[in-house]
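Undergrad: Pasting in a structure now, in structure tokens, and then I'll have a few things to ask.
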Amino acid sequence: MTRLPTSNSNAAVLVVGPAWVGDMVLAQSLFMALRARPGQPAVDVIAPPWSMPLLARMPEVREAISLPVAHGERALRRRWALGRRLRDRQYRQGIVLPRSAKAALPLRAAGIPLRTGFRGELRFALLNDLRDRKQAAYRTVDRFLSLGFAAGEPLPDPIPIPRLAASVEGAHDARVALDLAEDGSPVLALCPGAEYGPAKRWPAEYYADIARRRLQQGWQVWLLGSDKDRAICQSIRDRAQGAAVLAGRTSLAQAIDLLAVADLVVSNDSGLMHIAAATGTRLVALYGSSDPDYTPPMNPQARILSLGLDCSPCFQRECPLGHLNCLRQLDPDRVHLAAEELLQQEPG
């Protein structure tokens with residue numbers, strides 16, 4: 001068995017982070033476990049540039065090291081050069097979360113003695129603590145977390161739950177910049193996008209139904225997402241006059257702070273859903289083509305809605321049967337009822 005860093009060493013650990021927002025949030029559980037080791041070793045993370053504001057909200061991360069490489073781009077020389085620049089830091093262990101060979105290059109170039117990751121894509125020459133993914137836990141968060149422990153070692157119980165450090169002042173500044181009222185009225189945040197594809201997107205008219213109900217009760221409704229989600233957010237706003245379209249108008253840091261002050265979030269299985277979960281906000285998470293057992297929101301206040309049809313989860317970007325019943329048959333009344341049940345609970 002490959003030995004993990006000894007307890008008398010506080011040498012830093014270098015992690016190569018994932019390329020998706022939700023996975024990066026889930027990786028915080030690993031960062032928390034690494035910091036909890038004897039000696040509290042520092043944790044540095046190599047990550048895409050977009051994720052810098054997200055990692056800045058994780059107190060366990062000492063430094064986020066930007067790797068300006070597009071998703072899927074090989075950029076082997078750049079990856080190797082980054083690792084060479086990090087050699088003087090003398091990391092004791094490196095952990096790579098993506099499964100590609102190229103993702104492991106910086107660890108080898110940095111001369112890290114213990115390099116941990118799952119088997120995949122001819123990484124035998126790059127990693128020397130290879131784990132069998134087929135024998136790993138099913139949940140993404142558990143699989144990531146297992147790489148911080150010796151092979152076969154049980155995970156902590158309970159596991160560390162991702163929790164982003166939101167800023168009340170940041171939320172205030174964002175509301176001022178976006179002309180969002182601070183009159184004490186409750187806030188519903190809707191996240192109708194999903195970068196992966198339309199098979200993960202609850203219909204816009206259903207979101208509009210939820211929005212209208214809250215607007216009639218005096219709530220504010222915020223529609224969040226990336227610039228790619230602007231059209232669907234505008235479609236919801238057209239059906240629910242008074243909702244504020246924020247898609248493409250916020251930075252990632254602003255989105256974190258705004259989700260943290262919302263009274264309720266309704267979201268597809270997406271990066272913003274995992275961010276909302278990690279702020280501790282009440283959350284209704286909607287699953288269609290994806291599996292709530294694979295990437296659930298790590299928030300005890302979350303309510304997961306999934307119909308569990310015979311054809312789901314299919315993990316496809318678009319419904320292969322053309323009907324999207326896994327989401328179309330998830331009617332707004334069920335979502336409204338789950339939201340009401342959450343609102344009756346004391347906030348965590």
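Undergrad: Out of segment 258-267, which residues are surrounded by fewer than 24 Cβ atoms within 10 Å (Cβ to Cβ) and either among the β-branched types (V, I, T) or within 17 Å of L327 (Cα to Cα) (or both)?
TA: Residue satisfying the conditions is V261 alone.
Undergrad: Between residues in segment 195-213 that are at positive phi and residues that are of a type in the set (S, T, N, Q), which pairs lie under 6 Å by C-beta distance while being six or more apart or on different chains?
TA: Partner pairs satisfying both residue conditions: none exist.
Undergrad: OK, next. Quick one: what pairs do we get from segment 81-95, first residue within 17 Å of L126 (Cβ to Cβ) and at pLDDT 95 or above, second in a strand (DSSP E or B) and among the charged types (D, E, K, R), C-beta under 7 Å, 6+ apart or different chains?
TA: These pairs meet every condition: G94/R115.
Undergrad: D132 versus (1) outside the structural domain of A253 (by TED's automatic domain parsing); (2) at pLDDT 95 or above: which is the lone unmet condition?
TA: (2)
Undergrad: Give the residues of segment 149-172 that are under 25 Å from D227 (Cα atoms), free of Cβ contacts under 8 Å to residues at least 60 places away in the same chain and either of a type in the set (F, W, Y) or loosely packed, with under 13 Cβ neighbours inside 10 Å (or both), sorted by residue number.
TA: E169
Undergrad: Quick one: R214 ticks every box in (1) of a type in the set (K, R); (2) farther than 24 Å from R317 by Cβ; (3) within 24 Å of the chain's Cα centre (by Cα); (4) crowded, with 22+ Cβ neighbours inside 10 Å except a single one, so which number is it?
TA: For R214, the exception is condition (3).
Undergrad: Another question about this same structure. Going through segment 75-104 one residue at a time, which ones are at negative phi, out of contact with any Asp or Glu (no Cβ under 7 Å at 6 or more places or on another chain) and part of a loop (DSSP other than H, G, I, E, B)? Before the answer, list the steps.
TA: Taking segment 75-104 and keeping what is at negative phi, we get 76-89, 91-104.
The next check asks that each one be out of contact with any Asp or Glu (no Cβ under 7 Å at 6 or more places or on another chain); those that pass are 76-89, 91-98, 102-104.
Result: L86, Y91, R92, L97, P98.
Undergrad: Based on what the data block shows, is L188 surrounded by 14 or more Cβ atoms within 10 Å (Cβ to Cβ), touching a strand residue (DSSP E or B) at 6+ places or on another chain (Cβ under 8 Å) and more than 30 Å from L14 (Cα to Cα)? Working first, answer last.
TA: Details: surrounded by 14 or more Cβ atoms within 10 Å (Cβ to Cβ): yes; touching a strand residue (DSSP E or B) at 6+ places or on another chain (Cβ under 8 Å): yes; more than 30 Å from L14 (Cα to Cα): yes.
So L188 passes the test.
Undergrad: When segment 21-58 is examined, which residues are found to be surrounded by fewer than 23 Cβ atoms within 10 Å (Cβ to Cβ), more than 14 Å from the chain's Cα centre (by Cα) and of a type outside the set (G, A, S)?
TA: Within segment 21-58, M32, R35, R37, P38, Q40, P41, D44, P49 meet the criteria.
Undergrad: From the residues in segment 323-348 that are aliphatic (A, V, I, L, M) and surrounded by fewer than 15 Cβ atoms within 10 Å (Cβ to Cβ), which one is modelled with the highest pLDDT?
TA: So the residue we want is L337.
Undergrad: Filtering segment 90-107 down to residues that are over 16 Å from I65 (Cβ atoms) and in contact with a Gly (Cβ under 9 Å, 6 or more places away or on another chain), which residue is surrounded by the most Cβ atoms within 10 Å (Cβ to Cβ)?
TA: A101
Undergrad: While we're on this one: Tell me, which residue of segment 108-122 that is assigned to a loop (DSSP other than H, G, I, E, B) and free of Cβ contacts under 8 Å to residues at least 24 places away in the same chain is surrounded by the most Cβ atoms within 10 Å (Cβ to Cβ)?
TA: Among residues in segment 108-122 that are assigned to a loop (DSSP other than H, G, I, E, B) and free of Cβ contacts under 8 Å to residues at least 24 places away in the same chain, the one surrounded by the most Cβ atoms within 10 Å (Cβ to Cβ) is G120.
Undergrad: Take segment 32-58 and flag every residue that is of a type outside the set (S, T, N, Q) and more than 18 Å from F144 (Cβ to Cβ). Quick ask: steps written out before the conclusion?
TA: Here is the first cut: in segment 32-58, the ones of a type outside the set (S, T, N, Q) are 32-39, 41-50, 52-58.
Scanning segment 32-58 gives P38, G39, A42, P49, W50, M52, P53, A56.
Undergrad: Which condition breaks for A70 when tested against (1) more than 30 Å from N299 (Cβ to Cβ); (2) within 24 Å of the chain's Cα centre (by Cα); (3) crowded, with 20+ Cβ neighbours inside 10 Å?
TA: In the conditions (1) more than 30 Å from N299 (Cβ to Cβ); (2) within 24 Å of the chain's Cα centre (by Cα); (3) crowded, with 20+ Cβ neighbours inside 10 Å, A70 misses (3) alone.
Undergrad: Can you find, within segment 10-20, the residue that is nearest to the chain's Cα centre (by Cα) among those that are modelled with pLDDT of 95 or more and not hydrophobic (A, V, I, L, M, F, W, C)?
TA: P18
Undergrad: Then there's this: Quick test of your reading of the structure: R131 fulfils all but one of (1) farther than 16 Å from A36 by Cα; (2) loosely packed, with under 14 Cβ neighbours inside 10 Å. Name the failing condition by number.
TA: Here R131 clears every test but (2).
Undergrad: With the structure loaded, tell me whether A194 is of a type in the set (G, A, S), closer than 18 Å to C326 by Cα and assigned by TED's automatic domain parsing to the domain that holds D257 or whether it fails that test.
TA: yes
The values are calculated or read from the model by the stated rules, or taken from the named source; none is laboratory data. Here the structure is a predicted model, which is why all the values come from computation and not from measurement. As a convention, Cβ positions derive from the backbone with ideal geometry for all residues, glycine included, and neighbour counts pool all protein chains shown.
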